[in-house]
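Peer 1: Sharing a structure here in structure tokens format.
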Amino acid sequence: MERLTRKNAKLTETLPIKVVQFGEGNFLRAFVDFVIDKLNKEANFNAGVAVIQPLAGGLVDMLNEQDGLYNLFMKGVKQGKEIQEQHTISCIQKGINPYNNYDEYLKLAEEESLEFIISNTTEAGIAYDETDTLEGMPHKSFPAKLTALLYRRFKHFNGDSAKGLTVIPCELINYNADTLKKIILQYAELWELEADFVTWVNNSNSFYNTLVDRIVPGYPKDDIDAYQSKLDFEDKLIVSAEVFLLWVIEGGDKLKSKIPFDQIDENILVVEDMQPYRTRKVRILNGAHTTMVPFSILFGNETVKETVDHEFTGAFVKDAIFKEIIPTLSLPEEELKTFAEEVLDRFRNPFIKHQLASIALNSISKFKVRVLPSLLAFQKDCNRLPLHLTFAFACLIRFYRGEWNNHTLPINDNDAVVAELKRVWESHSYQEISAQALKNKKFWDQDLTQIPELKEQVAVALELIETKGIEEGYKQFASKVAVE
């Protein structure tokens, strides 16, 4: 089979370099480049992408061997229906390895057509390294590389305000663009760059905070022959992803005028404040994951899909989301319900086998951030504890005992956390176990025994879990709480 190239695929059209993209990994190729490709084909965006390899080892050489082309396979469930799509992505015009040719990288700053910077260098990528110097090439950190590129552009176009860039980072940290801009200005100060450059960065360039969401398993090595059989040319950069896509960008009319997101049918939201959407994702998607893990493992499930498909565990997770998490959030109820249904569709995706054990990592800290705020908000608003989240909390504490029905449980956490919770189980009563676990401020940043009825209800749930199991224990717990 011949290799995938533009000549072979008859995709020889060249596009002006409008986007410099830091990162050539699976996520950006399945998310951002998919969107740009769709904008080109459906909204005449006419944007070519130059991809920068952020680390010394990467995929740029392989990408260039295929003339920037690759195939994206999207599989998932929408409104209960299985969907499979295949797209040949053609927006990438070239890849550059700055570790081999830094001059070629900096030359991008002189492109007349350049308008956008997009990045995903992982959460660790947006970091300040004070050992980076202006003359040091290649720069070690991504923000230093970007500062050098911006400075070259500033100098080449003599500070022309029309040549500022739109910076849209996709790293999964809150306020990612604000953080990146702050570090760029730190480098400007460290390198003693002129005040006019700082003014140009502040006034002529735009930085947009974002939230991105798509599960991207990546290169399907276990099934590569099946994927390859569907193609006419050999593709070494096949990437697989779920159908669901969410891109929330904190911006306004200025950004909307630059990128015609409204002309394509994708879940891309340009909003004034992205924090409610971030909270929505953390509380519903991540919160549901964290709620289900100990509960479902103790019940006997192994995957997320098994959990939501089972009559008992699926109903439990759905009720936790719709009856206890959604009522505590500030976005419109119908919008929250639609998002929650999409989340459940993603959990049911038959093409992704998501092991519960693999998402059990650091379950205590995850519960504190993702689930506890919903539990406390519900208690405050309704003057009673949420049934499902409280029972899930007890399952979490029971999970950290480490064994269940003569099987070792897949605990994966800080050694001190594990040791402390095992010590809690040396207590002589369920009331004492509950009190010891809940009052630990290192876990929860507060003494949870002060929350009305929480210590008592968790103790009841722990005893019922231990003596009756998960399903019967939950049913008796629900009856007991209802009577009280």
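The values are calculated or read from the model by the stated rules, or taken from the named source; none is laboratory data. Just so you know, these numbers come straight off a predicted model, no measurement behind them. Methodologically, a virtual Cβ is constructed for each residue, glycine included, from the backbone with ideal geometry; neighbour enumeration extends over all protein chains shown.
Peer 1: What are the residues in the range 208-229 that are at pLDDT 95 or above, under 27 Å from Asp61 (Cα atoms) and assigned to a loop (DSSP other than H, G, I, E, B), if any?
Peer 2: Ser229
Peer 1: Related question: Condition (residue is hydrophobic (A, V, I, L, M, F, W, C), touching a helix residue (DSSP H, G or I) at 6+ places or on another chain (Cβ under 7 Å) and either at pLDDT below 95 or within 17 Å of Tyr219 (Cα to Cα) (or both)) applied to the range 49-69: is it met by at least one residue?
Peer 2: Within the range 49-69, one or more residues are hydrophobic (A, V, I, L, M, F, W, C), touching a helix residue (DSSP H, G or I) at 6+ places or on another chain (Cβ under 7 Å) and either at pLDDT below 95 or within 17 Å of Tyr219 (Cα to Cα) (or both).
Peer 1: Against the conditions (1) buried (at least 19 other Cβ atoms within 10 Å of the Cβ); (2) under 18 Å from the mean Cα position of the chain (by Cα); (3) of a type outside the set (Val, Ile, Thr); (4) under 29 Å from Lys323 (Cβ atoms), where does Phe295 fall short? Just the number, please.
Peer 2: (2)
Peer 1: Is it the case that the range 258-278 has a residue that's over 30 Å from Ala177 (Cβ atoms) and modelled with pLDDT under 95?
Peer 2: No.
Peer 1: Working carefully through the options Phe351, Phe391, find the one that is touching a Phe, Trp or Tyr at 6+ places or on another chain (Cβ under 6 Å) and assigned by TED's automatic domain parsing to the domain that holds Ile470.
Peer 2: From the options Phe351, Phe391, the qualifying one is Phe391.
Peer 1: Limited to the range 192-235, what total is found for residues that are of a type in the set (D, E, K, R) and out of contact with any strand residue (DSSP E or B) (no Cβ under 7 Å at 6 or more places or on another chain)?
Peer 2: The number of residues fulfilling the criteria is 8.
Peer 1: Select from the range 91-113 the residues that are surrounded by 21 or more Cβ atoms within 10 Å (Cβ to Cβ) and assigned to a loop (DSSP other than H, G, I, E, B) and list them in ascending order.
Peer 2: Listed by number, the residues that qualify are Cys91, Asn97, Pro98.
Peer 1: Still on this structure, please answer the following. Thr290 passes all but one of (1) more than 19 Å from the chain's Cα centre (by Cα); (2) not assigned by TED's automatic domain parsing to the domain that holds Gln84; which number fails?
Peer 2: Of the numbered conditions (1) more than 19 Å from the chain's Cα centre (by Cα); (2) not assigned by TED's automatic domain parsing to the domain that holds Gln84, the odd one out for Thr290 is (1).
Peer 1: Within the range 35-50, can you find the residues that are under 8 Å from Leu15 (Cβ atoms) and basic (Lys, Arg)?
Peer 2: Within the range 35-50, no residue meets the criteria.
Peer 1: Of everything in the range 16-47, what is assigned to a helix (DSSP H, G or I) and modelled with pLDDT under 95? Give them in sequence order.
Peer 2: Asn26, Phe27
Peer 1: Any idea how many residues of the range 155-205 are among the aliphatic types (A, V, I, L, M) and either farther than 30 Å from Ile268 by Cβ or outside the structural domain of Thr122 (by TED's automatic domain parsing) (or both)? Give the steps one after another, and end with the answer.
Peer 2: First, the residues of the range 155-205 that are among the aliphatic types (A, V, I, L, M): 162, 165, 167-168, 172-173, 177, 180, 183-185, 188, 190, 193, 195, 198, 201.
Of the ones still in play, those that are also either farther than 30 Å from Ile268 by Cβ or outside the structural domain of Thr122 (by TED's automatic domain parsing) (or both) are 188, 190, 193, 195, 198.
So the answer is 5.
Peer 1: Scan the range 401-417 for residues that are over 26 Å from the mean Cα position of the chain (by Cα) and touching a residue at least 12 places away in the same chain (Cβ under 8 Å) and jot them down.
Peer 2: Arg401, Gly402, Trp404, Leu409
Peer 1: Now a separate question. Among (1) in a loop (DSSP other than H, G, I, E, B); (2) more than 24 Å from Lys18 (Cα to Cα); (3) at pLDDT 95 or above, there is one condition Tyr187 misses while meeting the rest; what is its number?
Peer 2: Among (1) in a loop (DSSP other than H, G, I, E, B); (2) more than 24 Å from Lys18 (Cα to Cα); (3) at pLDDT 95 or above, the lone unmet condition for Tyr187 is (1).
Peer 1: Suppose we keep only residues that are crowded, with 21+ Cβ neighbours inside 10 Å and not small (Gly, Ala, Ser) within the range 41-55. Which one would you say is nearest to Glu123 (Cα to Cα)?
Peer 2: Ranking the candidates gives Pro54 first.
Peer 1: How do the strands (runs of 3 or more DSSP E) wholly within the range 230-285 filter down when requiring 3 or more residues that are in contact with a Ser or Thr (Cβ under 9 Å, 6 or more places away or on another chain) and closer than 24 Å to Arg370 by Cα: which remain?
Peer 2: 246-250
Peer 1: Kindly indicate the residue of the range 438-450 that is within 30 Å of the chain's Cα centre (by Cα) and part of a helix (DSSP H, G or I) and also nearest to Glu463 (Cα to Cα) among those meeting that condition.
Peer 2: Per the criteria, the residue is Leu438.
Peer 1: Just give me the residues in the range 451-465 being within 35 Å of the chain's Cα centre (by Cα) and part of a helix (DSSP H, G or I), in sequence order.
Peer 2: Answer for the range 451-465, where residues must be within 35 Å of the chain's Cα centre (by Cα) and part of a helix (DSSP H, G or I): Leu454, Lys455, Gln457, Val458, Ala459, Ala461, Leu462, Ile465.
Peer 1: Also, I was wondering about something else. Suppose we keep only residues that are outside any helix (DSSP H, G or I) and among the hydrophobic types (A, V, I, L, M, F, W, C) within the range 340-364. Which one would you say is farthest from Ala315 (Cα to Cα)?
Peer 2: Per the stated criteria, the residue is Leu361.
Peer 1: I want to confirm something. Restricting to the range 146-182 and keeping residues that are part of a loop (DSSP other than H, G, I, E, B) and among the acidic types (Asp, Glu), which single residue is farthest from Asn205 (Cα to Cα)?
Peer 2: Only one residue fits best here, namely Glu171.
Peer 1: Have a look at Phe351, Phe339, Phe347, Phe299 and point out the one that is aromatic (Phe, Trp, Tyr), touching a residue at least 12 places away in the same chain (Cβ under 8 Å) and under 29 Å from Lys480 (Cα atoms).
Peer 2: Of Phe351, Phe339, Phe347, Phe299, the one residue that is aromatic (Phe, Trp, Tyr), touching a residue at least 12 places away in the same chain (Cβ under 8 Å) and under 29 Å from Lys480 (Cα atoms) is Phe299.
Peer 1: Give the residue that is surrounded by the most Cβ atoms within 10 Å (Cβ to Cβ), with candidates limited to residues of the range 156-177 that are more than 20 Å from Lys256 (Cα to Cα) and of a type in the set (D, E, K, R).
Peer 2: So in the range 156-177, the residues more than 20 Å from Lys256 (Cα to Cα) come out as 156-160, 171-174.
After this cut, where a residue has to be of a type in the set (D, E, K, R) as well, the list is 160, 171.
Numbers: Asp160: 12, Glu171: 21.
Looking at the filtered set, the residue picked out is Glu171.
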